[in-house]
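Report on the structure given below.
Just so you know, all these numbers are worked out from the coordinates, no wet-lab data involved. It should be emphasised that the depicted structure is a prediction, and the values quoted were computed from it without experimental measurement. Here the Cβ is made from the backbone with ideal geometry for all residues, glycine too, and neighbour counts use every protein chain on show.
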Amino acid sequence: MILSIESSCDDSSIALTRISDLKLIYHKKISQNEHQKYGGVVPELAARLHTSALIDIFEEVNLYFNDIKGVAITNSPGLSPSLLTGVSLAKAISLGLRVPLIEVNHLIGHIYSLFIEKEEIMPLGILLVSGGHTLVLEISKYNKFNIISSTLDDSFGESFDKVGKMLDLAYPAGEIIERLAKNGEDKFKFSIPLINSNSNNFSFSGLKNQVRLEIQDLKEKGILKDEINNICASFQSVAITHLINKLKRILKNHKFKHFGVVGGASANLALRDELENLGLNLLSPKMEFCSDNAAMIGRVGVVKYKNKDFINHKDLKIIPNLGYKKLVF
Ligand code: KG4
Ligand code: ZN
């Protein structure tokens, strides 16, 4: 089995994946709710919480020690203190058990969330929508891909979190906004970002500012409470339309036999519906594997193990903010 660890942000997770048939033997994730009161993840606090949560989970897998053939760890991108915690633990386990160490890029992990307990399908077009990234890319192998488009400013998920903060919703706000939007209407008709631009890239900060001004206005009029659902519906509708518009542009020049949506925000059903309408052969992860988890890291771990793609303990470093252009393996 591959033991995998994910601790790049605020989720502490460990999984065991059987190499022979990809079966997920064990998977546990502890999400840190302690950040809610700060309206965002506090890196130092996240690392402190990982140190105890990861050990609590790790103690549950000690029955399987003899079956572990490799340790897969997320080393990039992410919050530096969070990554350090997981990487240090992974090095210690791999040294202790005398099994190879495997570094896994978190974004490639999200892509492989499509293939947990399944054979992989490649090549593949991908829309990755998370709290940290909004990317369209083409991937043909776990270490061979081409970035087609990215965001110029905020990510899709981040824009939900920022609007949530303006509305005093809990963090992360994506799921809450999706729920509130169901009871609202696209009443405010915010303008769609970059609608007349020739670029394939995304931008969410202008939309965020439009929403901020509207919220300010509604607050001054004392009617914000009555309009929260409509704000959520109007914001979500434009954010999704923007993604879909740019994807339509991209699809004119790129034909994908298969297309997957991944990342925390791929849990959004309104987004999935719109993607289905594009006539794509759409793959999406199971709901439980959309947000950060160690099962997806373990799935990459199995591929890299089979390719003997290991890394020395000394050479494994964290690369917190490598930027999508310099994905390292
Ligand atoms: O992939 P993920 O768990 O962490 C990162 O790697 O960033 O993604 C978390 C992001 C958060 O911004 C969260 O608000 C967003 O995914 N998210 C959603 C939904 N569920 C989670 N955004 C929109 N709609 C959702 N249903
Ligand atoms: Zn993620």
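Laid out as a table, the results:
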read-out: Qualifying trypsin sites (Lys or Arg not before Pro) in region 195-254, DSSP loop, other Cβ atoms within 10 Å at most 11; value: K221
read-out: Separation of alpha-carbon centers, region 167-187 and region 99-161, rounded to whole Å; value: 25 Å
read-out: DSSP-defined beta bridges in the chain - what % are antiparallel, rounded to 5; value: 60 percent
read-out: Share antiparallel - DSSP beta bridges, region 1-121, percent rounded to 5; value: 55 percent
read-out: 0 to 90° range, to nearest 10: angle between helix 294-306 axis and the chain longest Cα axis; value: 50 degrees
read-out: Antiparallel DSSP beta bridges within region 99-226, percent to nearest 5; value: 90 percent
read-out: Partner aspartates and glutamates for K69 [C-alpha distance under 17 Å; skip if fewer than 8 residues away on the same chain]; value: D21, E103, D309
read-out: Environment charge of D309, counting only residues whose C-beta is closer than 13 Å and scoring Lys/Arg +1, Asp/Glu -1; value: +3
read-out: Amide H contacts under 5 Å for I25, placed H, 5+ residues apart; value: L16, T17, R18
read-out: Rounded tilt (10° steps) of 80-97 against the dominant C-alpha axis of the chain; value: 20 degrees
read-out: Estimated dipole of region 45-174 in Debye, rounded to 20 [Cβ of Lys and Arg +1, of Asp and Glu -1, Cα centre]; value: 360 debye
read-out: For peptides 84-92, 190-198, sequence by mean Cβ density within 10 Å, most packed first; value: 84-92, 190-198
read-out: Cβ-based charge dipole, the chain, positive-most Cα from S197, L275, N33; value: S197
read-out: Net dipole in debye of the chain [+1 Lys, Arg Cβ; -1 Asp, Glu Cβ; about Cα centre; nearest 20]; value: 1040 debye
read-out: For S149, residues with placed amide H under 5 Å, excluding near neighbours; value: V136
read-out: Violating pairs (Cα-Cα greater than 32 angstrom) within the set K187/K246; K23/K252; K29/K118; K141/K162; value: K23/K252; K141/K162
read-out: Degrees separating the helix 156-166 axis from the principal Cα axis of the chain, which is the longest one; value: 60 degrees
read-out: For peptides 286-295, 35-44, sequence by mean Cβ density within 10 Å, most packed first; value: 286-295, 35-44
read-out: Around V99: net Lys/Arg minus Asp/Glu count, Cβ-Cβ under 11 Å; value: +1
read-out: Leading residue at positive end of dipole, the chain (Cβ point charges), from N62, T74, Q236; value: T74
read-out: Hz values of 3J(HN,Hα) by residue in region 188-193 - Karplus curve (6.51, -1.76, 1.60), Gly and Pro given as x; value: 8, 6, 4, 7, 7, x
read-out: Magnitude of the charge dipole, region 208-329, Cβ model with Lys/Arg +1 and Asp/Glu -1, debye to 20; value: 860 debye
